[in-house]
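Scroll down for the structure; my scribbles are underneath it.
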Amino acid sequence: MNIGWVRSWGASPQSAHDGLGSLDDHPPLAGVTLRQVVRLSGGGHRVRVRFTNEFGTAPVTIGAARVGFAVPGGGVRDARVLTFSGAPSVTVPAGAPVPSDPVELPAAALSELSISLYLPERVETVTCHDPVLDTGWTIPGDAVAAPALPGDASILPVRALLSAVDVLPDEPGSAVVVVGDSRTDGAGSTPDTHHSWPELLAARGAGFVVNQGISGNRMLNDGVGTSVLARFDRDVLATPGLGWVVVSVGGNDIAISCAPRDDGPLADFLKMFPGGPMTTDDVIAGYRQLVARARERGVRVCATTIAPFEGSEAYTPEAELARQVVNEWIRTAGAFDAVLDFDAVWRDPRHPSRIRAEFHSGDHLHGSDAGYRALADSVDLSLFD
């Protein structure tokens, strides 16, 4: 069991240009304060915040930053000044992250933190996570010290320039990192309720659970976000206190490979996804690569089966057949230390290629709050002991 820093919250960085476009019509970030809320999965007595310019094309200056406990409506209490190698501001090079210095902030598991950062200069290319399910705000000027949300604040539609919070726990602990696509990211759940299944798993008492899902993500090729194979070292293996990785990806590789590209409802959407079609053998080979890379670091690996999606625009009979082939391999090949059979949890017993009506958000693809809770409740918490 790890006796040092442990990651308690994370959001995988993306370029604003390869996300879902939520920043396209937003004013430039310049001379503003960003205030964003995160919920810790596990608690500790010291915290440090990881800011990111990893997809930036120019340096980003953080003029001031603070962290405290979130108050409903955008307020903050018990705020601490964040420093960087002892300085109150920092310039983050293009392509780089920067961690803050640690600060004393005793915080229990499931505490909501408010993180504010002031950007005195224009951010040319925003490293972000798109979309965001926790409301954040843009405030004109330097408002990092404001205990209440100023009246001229506006909604920030992405998670911007912020990628992780680590804690120093009171007792040894280790992190479970879930890497996946929109179903991991929590697409379809109610905003500001922390109803992605990794967050619900943490709320059940699973300890440090870090959600590294990206909506629209694939394992083998880039598209919406960098592929899992490409981001695995940064988003998973470099996690402080890493003990387990849960691989919950592959459905988009299958669906996008089987979807017709020349016509149909997804023709324009599919232009975002480069690369040729992937076979089930390709997807299985991708899983094997992730397992091998994790075990080189002494990390245990769990996989989830791919839940059904008939009734969605992504469905084709070819994709359903491929899903069944890959799921059978996940269940029986013995490649993983554990398997979570999410297909069995969500599928309609009367129509196994569809999600049960109460478990999807209306699109036959993403979970409802009840659907994500069913996934979290299906996990034996002793697995990660």
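The values are calculated or read from the model by the stated rules, or taken from the named source; none is laboratory data. Being a predicted model, the structure only gives us computed values, none of them experimental. Cβ placement follows ideal geometry from the backbone for every residue including glycine, while neighbour counts extend to all protein chains displayed.
Key figures for this structure:
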{"item": "Candidate set: the stretch 338-379, residues that are touching a Leu at 6+ places or on another chain (Cβ under 9 Å) and either in a loop (DSSP other than H, G, I, E, B) or not assigned by TED's automatic domain parsing to the domain that holds Asp192 (or both); chosen: the one surrounded by the fewest Cβ atoms within 10 Å (Cβ to Cβ)", "result": "Ser378"}
{"item": "Where Val165 falls short, out of the listed (1) within 30 Å of Ala64 (Cα to Cα); (2) in contact with a Ser or Thr (Cβ under 6 Å, 6 or more places away or on another chain); (3) in a loop (DSSP other than H, G, I, E, B)", "result": "(3)"}
{"item": "Residue within the stretch 99-111 that is polar (S, T, N, Q) and not in a loop (DSSP other than H, G, I, E, B) present", "result": "no"}
{"item": "Failed item, numbered, when Gly275 is tested on (1) more than 24 Å from Glu328 (Cα to Cα); (2) in contact with a helix residue (DSSP H, G or I) (Cβ under 7 Å, 6 or more places away or on another chain)", "result": "(2)"}
{"item": "Qualifying residue in the stretch 185-193 (condition: surrounded by fewer than 17 Cβ atoms within 10 Å (Cβ to Cβ), closer than 22 Å to Val38 by Cα and either not β-branched (Val, Ile, Thr) or not assigned by TED's automatic domain parsing to the domain that holds Gly298 (or both))", "result": "yes"}
{"item": "Every residue from the stretch 318-373 that is touching a Phe, Trp or Tyr at 6+ places or on another chain (Cβ under 7 Å) and small (Gly, Ala, Ser)", "result": "Ala335, Gly367, Ser368, Ala370, Gly371"}
{"item": "Candidate set: the stretch 287-333, residues that are hydroxyl-bearing (Ser, Thr, Tyr) and more than 16 Å from Arg218 (Cβ to Cβ); chosen: the one surrounded by the fewest Cβ atoms within 10 Å (Cβ to Cβ)", "result": "Thr332"}
{"item": "Matching option when the condition is surrounded by fewer than 17 Cβ atoms within 10 Å (Cβ to Cβ), among the acidic types (Asp, Glu) and at pLDDT below 95, among Asp24, Asp78, Asp18", "result": "Asp24"}
{"item": "Enumeration of residues in the stretch 222-238 that are surrounded by 24 or more Cβ atoms within 10 Å (Cβ to Cβ) and either under 21 Å from Leu381 (Cα atoms) or without any contact (Cβ under 8 Å) to a residue 60 or more places away in the chain (or both)", "result": "Val236"}
